[in-house]
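Throughout, read-outs are computed from the coordinates displayed, never taken from laboratory work. Bear in mind the structure is a predicted one, so any value in this text is a computation, not a measurement. A quick note on method: Cβ atoms are made from the backbone with ideal geometry, for glycine too, and the neighbour counts reach across all protein chains shown.
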Amino acid sequence: MSTIDLVTAPQPFSEFEATERARGCTEVLARSYEPNTVVPEHTHDFTARALVVQGEMWLTQNGTTEHLKPGDRFEVIRGTPHVEKYGPQGATYWVARTV
């Protein structure tokens, strides 16, 4: 796990991981992106449920863009095309992946 300012995290990583594993996820990890990173449209072979813990990002899927900040959660269903854009300070989120 990368170092996170836990003042912005609504729960400890260990609690997030335990909750998601109890829901049946196969992998839980922290993902961090550099400032102003754009990840072009892509898909995954897993479903992802995530919690933003630092910075901000914009997630576009199904024709809708969400502006996500610390404490916000999002889900991307396996095979769904989506675009990720990260803010001027980058972003970190904790993600639970289910194949």
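Brief remarks on what is shown
- Full extension of the segment from L29 to D45, taken as 0.36 nm per residue of separation minus the current Cα-Cα distance, would add 4.1 nm.
- Residue-averaged [θ]222 nm for the chain, counting only DSSP H segments that reach four residues, each worth -39500 (n - 2.57): -3000 deg cm²/dmol
- Two-decimal ratio, the chain, of alpha-carbon radius of gyration to 2.2 N^0.38 Å: 1.01
- Neighbourhood net charge (11 Å Cβ-Cβ; Lys/Arg +1, Asp/Glu -1) for R49: +1
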